[in-house]
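Q: My questions all concern the structure below.
The values are calculated or read from the model by the stated rules, or taken from the named source; none is laboratory data. This structure is a prediction, so every number in the text was calculated from the model and none was measured. Cβ atoms come from the backbone with ideal geometry, glycine included; neighbour counts cover every protein chain shown.
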Amino acid sequence: MLYSGRYTYYFDSQKWKALGVIPDFVQEHASCYAQKWTVRGLHFQAPPKAQYKLVRVVKGRIMDFCVDIRTNSPTYGKHESIEMIADSWIQLLVPPGLAHGFCTLEDDTEVSFRLTDYNDKEHLRGLLWNDPELDIQWPCLEQPTYIYKVDQSWPTLKNLNSPFR
């Protein structure tokens with residue numbers, strides 16, 4: 001009998017501490033998106049409830065985006081992106097001071113989030129996902145199949161009062 005399984009640790013506190021990151025995760029949740037080209041974000045939680053997020057794709061694929069919203073950072077307003085695929089087992093650690101969002105690249109995509117502080121609606125903030133100043137190349141060509149109402153109402157970078165200095 002052939003065994004072709006894989007094994008990984010999704011979290012190992014000793015390895016994180018060796019990298020200088022000491023997140024104390026308190027909550028994990030997952031969300032499933034039925035339609036390809038669903039857009040979420042760009043979200044963050046304001047202090048004192050700011051969070052590290054450990055993001056992983058459980059099923060399907062996403063294009064993930066992080067925007068630096070730390071006003072004193074040399075990369076303020078800049079973004080990075082990465083394609084995340086369930087089969088790759090890649091995880092992304094998003095620190096406080098970055099707005100996070102993604103676009104699903106397949107139907108029935110499931111994303112898991114491990115957080116260092118509890119989700120708190122009073123501290124939830126965001127940045128408009130399609131703000132032209134961000135110059136994000138969304139794979140859905142700015143015409144998502146579905147976008148949540150809250151994600152359409154966030155301010156642009158120019159109008160954001162960032163709590164991260």
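Q: Is one or more of the residues making up the range 93-101 in contact with a Pro (Cβ under 8 Å, 6 or more places away or on another chain), farther than 22 Å from Ala34 by Cβ and either in contact (Cβ under 8 Å) with a residue 12 or more places away in the chain or among the aliphatic types (A, V, I, L, M) (or both)? Break it down stepwise before answering.
A: Taking the range 93-101 and keeping what is in contact with a Pro (Cβ under 8 Å, 6 or more places away or on another chain), we get 93, 96.
Filter again for farther than 22 Å from Ala34 by Cβ, leaving 93, 96.
Next cut, either in contact (Cβ under 8 Å) with a residue 12 or more places away in the chain or among the aliphatic types (A, V, I, L, M) (or both) only: 93, 96.
Yes: the range 93-101 contains one or more residues that are in contact with a Pro (Cβ under 8 Å, 6 or more places away or on another chain), farther than 22 Å from Ala34 by Cβ and either in contact (Cβ under 8 Å) with a residue 12 or more places away in the chain or among the aliphatic types (A, V, I, L, M) (or both).
Q: For Gly77, indicate whether it is touching a helix residue (DSSP H, G or I) at 6+ places or on another chain (Cβ under 9 Å) and more than 22 Å from Asp120 (Cβ to Cβ).
A: Details: touching a helix residue (DSSP H, G or I) at 6+ places or on another chain (Cβ under 9 Å): yes; more than 22 Å from Asp120 (Cβ to Cβ): yes.
Yes: the conditions hold for Gly77.
Q: Also, quick follow-up: Would you call Val94 modelled with pLDDT of 95 or more and of a type outside the set (Asp, Glu)? Even if it seems obvious, please write down each step before you answer.
A: Numbers: modelled with pLDDT of 95 or more: yes; of a type outside the set (Asp, Glu): yes.
Yes; evaluated as a whole, the condition is true for this residue.
Q: What are the pairs, 6+ residues apart or on separate chains, where a residue within the range 147-159 that is touching a residue at least 40 places away in the same chain (Cβ under 8 Å) has its Cβ under 7 Å from a residue that is of a type outside the set (Val, Ile, Thr) and assigned to a loop (DSSP other than H, G, I, E, B)?
A: As it stands, the answer is Asp151/Trp129; Trp154/Leu127; Trp154/Leu128; Leu157/Gly77; Leu157/Leu127; Leu157/Asp131, since those pairs meet every condition given.
Q: Quick check on my filter: what residues within the range 110-165 are part of a loop (DSSP other than H, G, I, E, B) and touching a His at 6+ places or on another chain (Cβ under 7 Å)?
A: Result: Ile136, single match.
Q: While we're on this one: Output the number of the condition that Met84 fails; it satisfies all remaining conditions of (1) under 19 Å from Ala34 (Cβ atoms); (2) over 12 Å from the mean Cα position of the chain (by Cα); (3) among the aliphatic types (A, V, I, L, M).
A: (2)
Q: Take the residues of the range 90-128 that are within 17 Å of Tyr148 (Cβ to Cβ) and of a type in the set (Ser, Thr, Tyr): which is surrounded by the most Cβ atoms within 10 Å (Cβ to Cβ)?
A: Thr104
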